[in-house]
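Undergrad: Take a look at the following structure, please.
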Amino acid sequence: MTTQPLPDTRKQPAAPTQGRGQFGSFIAFSRGRPGFLFGLVIVAITIFLACFGAIVAPCDPEHAIPEAGLLPPSPVHLLGTDVVGMDIFSRVISAPRIDLTIALVSTLIAFVCGVFLGVISGYFASGRGIGRVGSETIMRGADIVQAFPIFIFALALVCFRGPSTANVISALAFLNIPYFLRVTRGAVFQVRERPFVEAARCAGNTERGIAFTHVMPNALGPALANISPSIGFAILLTAGLSFVGAGVPKPTPEWGSMISIGAPNMMTGQWWSALFPGLALGVTILGYALVGDGILEFMDPTRRR
Amino acid sequence: MRFLRYAARRFLFLIPQLFVVSVIVFFLVRLLPGDPAYLMAGQFATKDQIDQIRTTMGLDKPLYEQYALYVQHVLRGDFGMSWRSSHPVIDDIKQRFPATMELVLLTGCISVVLGIPIGVYTAVARKGVADRGLFIYGMLAGSIPDFWLGLILILIFFAFLGWLPGPIGQLDPSMEIPPRITGMIALDALLSGQWAVFQSAVAHLVLPVATLTLVYSTLIIKNTRTTVEEMLKSDFVEYGRALGLSSLTLLRYALRNALPPVVTVVGILFWFLLGAAVLVETVFAWGGLGQYAVESVVSSDYAPVQAFVLLAAVFTTVVFLLVDLAYFAIDPRIKT
């Protein structure tokens, strides 16, 4: 008797409707959301300008020609010149380098520290012993830091540590930690109730091991979504500090300090030297905020409008 | 009774909170490299003045004694001297504090009075022009720098249209400052019946308050809207609708329940406004605490900065405490 091969009862592989994968569904997500696309474009432009802005600028952003002061926008000076004759267009596109550097570095530091502290304070929030004490201390510490209005604290930190880029970065990083901390802590509260955490516990992992190897990667979502708006906010704070003279020193092109240079001229009607940097600021922060909103929506389908 | 217990607990917590805040502020000056006495005394100080400050601060004593001295001085109202103005810092603060409060309180009140109804309206009248408009306005308001918006308003309403006075402070220089009752110029002018001065003061108030309100009222509007929307979707409202209660009655119930989070947001609004006041005062040369702090920072006059940071933190801590008490008074269900 010949043995016939058994009928192939394996299911056919699914038709490639699922074949898009992560990236494909991201594209589909963006397609219907002009705000998110706009934000992505802005973020891409600022990154490009941060890398190449000073190179593609038509004029030297720090070269002052006093005789050419306060010229209105023209084909030569696309956005006009400010009171000491520096070309505004060149300065506007050279500013992202320092603004974005400060914002990116400070946000990353705040993210790393905030998530780490958030996991500890979230995972060990209940229970006894040193974990609980640590968790409570961290939360009270965050409360104290947030008792100071953020701009005032940033101003004080820069004042008392001396005005320099590194100090601005550390001040902003320090002040943004509580946001990442709270957001991660909330996520950790939810993740630690899940069955796989209990399974990990049964398998013999230490609590610390579970907290960082199992819970933390799953609690990163809200913190990641917060990165983009935090970058925008850090740019705003840097601009504010530079505007009052406590941030980036004067000749370096920075949107906030450009606005402060152009402010006296606003009152006499020469609007271009303070208007364009502010416009650039607003558009940039809007872009980063929209990207952050989009990422949040993407990760949590229940929020989709 | 529960309220009194809750209030007593919160007030008890206030003391360690203020303690930690004061420790942080105390250490701020010591962050700088160099001799704190020399830094506090300023560039034009004589050796005698520096020595005197050294004794007052107790710099030769151990750190905890220095802190004790600092707290003693603060509780007596002695925040040191501003070498720029040659006045005790406390006098400078007392003179400028009402100007800042004028801006903060006015903006807060207008934001609440306008913001809550707008928030309620957009929550009730869903999907429509108001909804989209509010969304766009919220996104814009959160992105535009407040100091830049102030300059734009000055450009439009002063430089181009000439409708409002320029950013030269609280009053026309030709006007006399009214007798000081509260320290807020507009209010004092009103209280002493100086009509022309009052008009000038109000004219000068319009742009800074408008700047702050345009940027920060969105906090109240968005939060009111979200909260009321949630309330309108809640079970008890659905039940009331099933019972046949009128929409207006349902709205009243929803609002009553939406009040506590909105009260919290009002507290947060004041937190934002304190920081924003610093920038807006600089733009409008307002002569308040914010501008004073900025000038002190830029000229390395450290005593006023230290005092300002301490006062700002104490102010916000107290505001948050009051907000939490109000929250508990309205909604005792929260866990104590």
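All of the numbers you see were taken from the coordinates with simple rules; none came from a lab. All figures in this text were calculated on a predicted structure; none of them were measured in a lab. Note that each Cβ is placed from the backbone with ideal geometry, even for glycine, and that neighbours are counted across all protein chains shown.
Undergrad: Out of B:VAL112, B:VAL266, B:VAL197, any idea which swings most in a Gaussian network model of chain B, alpha carbons joined below 10 Å?
TA: B:VAL197
Undergrad: So how strong a dipole does the protein assembly as shown carry about its Cα centre when Lys and Arg Cβ are +1 and Asp and Glu Cβ are -1, to the nearest 20 debye? Could you put the intermediate results ahead of the total?
TA: Details: 45 positive and 39 negative charges, 549 e Å.
Value, rounded to 20: 2640 debye.
Undergrad: Let me ask something additional. Going by how many other beta carbons lie within 10 Å of each one, how would you line up A:LEU237, B:LEU259, fewest first? Please report the intermediate quantities before stating the final value.
TA: Working: A:LEU237 26, B:LEU259 19.
Ordered from fewest to most neighbouring Cβ atoms within 10 Å, A:LEU237, B:LEU259 come out as B:LEU259, A:LEU237.
Undergrad: Can you find, among B:LEU259, B:ALA313, B:ALA203, the residue farthest towards the positive end of the dipole of the protein assembly as shown? Put +1 on the C-beta of Lys and Arg, -1 on that of Asp and Glu.
TA: B:LEU259
Undergrad: In addition: Apply the Karplus curve 6.51 cos²θ - 1.76 cosθ + 1.60, θ = phi - 60°, to the phi angles in the stretch A:63-77 and return the couplings in whole Hz, x for Gly and Pro.
TA: Values, residue by residue: 8, 9, 10, x, 5, 9, x, 6, 7, x, x, 8, x, 6, 10 Hz.
Undergrad: Normalise the Cα radius of gyration of chain A by 2.2 N^0.38 Å (N = residues in it) and let me know the number. Numbers along the way, then the final one.
TA: On the way: Rg = 25.3 Å, N = 305, 2.2 N^0.38 = 19.3 Å.
Computed over Cα atoms of chain A, the ratio equals 1.31.
Undergrad: By how many degrees, 0 to 90 and rounded to 10, does the Cα axis of helix B:195-232 deviate from the longest principal axis of chain B?
TA: Taking the Cα atoms of chain B, the angle to B:195-232 is about 50 degrees.
Undergrad: Taking chain B, how many lysine pairs are there with alpha carbons less than 22 Å apart, if each pair must be eight or more places apart or span two chains? Could the numbers behind the result be given before it?
TA: Details: B:LYS47/B:LYS61; B:LYS127/B:LYS222; B:LYS127/B:LYS233; B:LYS222/B:LYS233.
Lysine pairs meeting both conditions in chain B amount to 4.
Undergrad: Find, among the chymotrypsin sites (Phe, Trp or Tyr not before Pro) in the stretch B:8-104, those assigned to loop by DSSP (not H, G, I, E, B) with at most 10 other beta-carbon atoms within 10 angstrom.
TA: Counting only loop positions with at most 10 other Cβ atoms within 10 Å, the chymotrypsin sites (Phe, Trp or Tyr not before Pro) in the stretch B:8-104 are B:PHE44.
Undergrad: Which whole number of Å³ per residue matches the convex hull of the alpha-carbon atoms in the protein assembly as shown?
TA: Normalising the Cα hull of the protein assembly as shown by residue number yields 259 Å³.
Undergrad: Among B:SER247, B:ALA285, B:LEU155, whose Cα projects farthest towards the positive end of the dipole of chain B, with charges put on the beta-carbon of Lys, Arg (+1) and Asp, Glu (-1)?
TA: The Cα lying farthest towards the positive end belongs to B:SER247.
Undergrad: Residues of B:150-159, mean number of Cβ from any other protein chain within 10 Å of their own Cβ, rounded to a whole number?
TA: Taking the mean over all residues of the peptide, I get 5.
Undergrad: If you put +1 on each Lys and Arg Cβ and -1 on each Asp and Glu Cβ, how big is the dipole of chain A around its Cα centre, in Debye rounded to 20?
TA: Using only the charged Cβ atoms, the result is roughly 1240 debye.
Undergrad: Now a separate question. Given the options B:PRO36, B:SER300, A:THR184, identify the residue whose Cα lies farthest towards the positive end of the charge dipole of the protein assembly as shown (+1 on Cβ of Lys, Arg; -1 on Cβ of Asp, Glu).
TA: With unit charges placed on the Cβ atoms, the residue in question is A:THR184.
Undergrad: With Cβ to Cβ distances under 15 Å as the rule, what net charge do the other residues near A:ASN205 carry (K, R +1; D, E -1)?
TA: +2
Undergrad: Just want to confirm a number: the relative contact order over the stretch B:216-324, from Cα pairs under 8 angstrom separated by 6+ residues, in percent.
TA: That works out to 25 percent.
Undergrad: Note down the relative contact order for chain B as a percent, whole number, built from C-alpha pairs under 8 angstrom at least six residues apart.
TA: 26
Undergrad: Just need the relative contact order of chain A here, percent rounded to a whole number, with Cα pairs under 8 Å and 6+ apart.
TA: Details: 439 pairs, mean separation 69.6, N = 305.
It rounds to 23 percent for chain A.
Undergrad: Further, regarding this structure: May I ask for the equivalent-ellipsoid semi-axes of the stretch A:72-149, computed as the square root of five times each C-alpha gyration tensor eigenvalue and listed largest first in whole Å?
TA: 49, 13, 7
Undergrad: Figure the gain on full extension for B:PHE13 and B:TYR137 (residue separation times 0.36 nm, minus the Cα-Cα span) and round it to one decimal in nm.
TA: 40.8 nm
Undergrad: Using a 7 Å offset from Cα along Cα-Cβ at A:ASP300, what residues in the stretch B:217-232 end up with backbone N under 18 Å from the label point?
TA: Within reach of a label on A:ASP300: B:222-231.
Undergrad: Here's something else I'd like to know. What dipole magnitude, in Debye to the nearest 20, does the stretch B:14-78 give about its Cα centre under +1 on Lys/Arg Cβ and -1 on Asp/Glu Cβ?
TA: 100
Undergrad: Whole number please: convex hull volume per residue, Cα atoms of the stretch B:113-212, in Å³.
TA: Enclosed volume per residue, from the Cα hull, is 136 Å³.
Undergrad: Based on the alpha-carbon gyration tensor of the stretch B:64-175 and its eigenvalue square roots a ≥ b ≥ c, which shape applies: rounded if a/c is under 1.5, prolate if not and a/b is larger than b/c, or oblate? Show your work: numbers first, answer last.
TA: On the way: a/c = 3.03, a/b = 1.69, b/c = 1.79.
Note, shape of the stretch B:64-175 comes out oblate.
Undergrad: For B:VAL129, B:VAL263, A:VAL112, what's the fewest-to-most ordering of other Cβ within 10 Å of each Cβ? Don't skip to the end; give the middle numbers.
TA: Numbers: B:VAL129 8, B:VAL263 19, A:VAL112 14.
If I rank by nearby Cβ atoms, fewest first, I get B:VAL129, A:VAL112, B:VAL263.
Undergrad: Given a Förster radius of 60 Å and the C-beta distance between B:GLU238 and B:THR46 as r, what FRET efficiency does 1/(1 + (r/R0)^6) yield to the nearest 0.05?
TA: 0.20
Undergrad: Can you put A:ASP82, B:ASP146 in order of Cβ neighbours within 10 angstrom, beginning with the fewest?
TA: B:ASP146, A:ASP82
Undergrad: Taking each residue in B:22-31, count the Cβ atoms of any other chain within 10 Å of its Cβ, then average. What number comes out?
TA: Mean shielding by partner chains, rounded to a whole number: 3.
Undergrad: Where Rh is the Kirkwood radius over the Cα pairs of the stretch B:93-335, the temperature 25 °C and the viscosity 0.890 mPa s, what D in µm²/s does Stokes-Einstein return?
TA: 124
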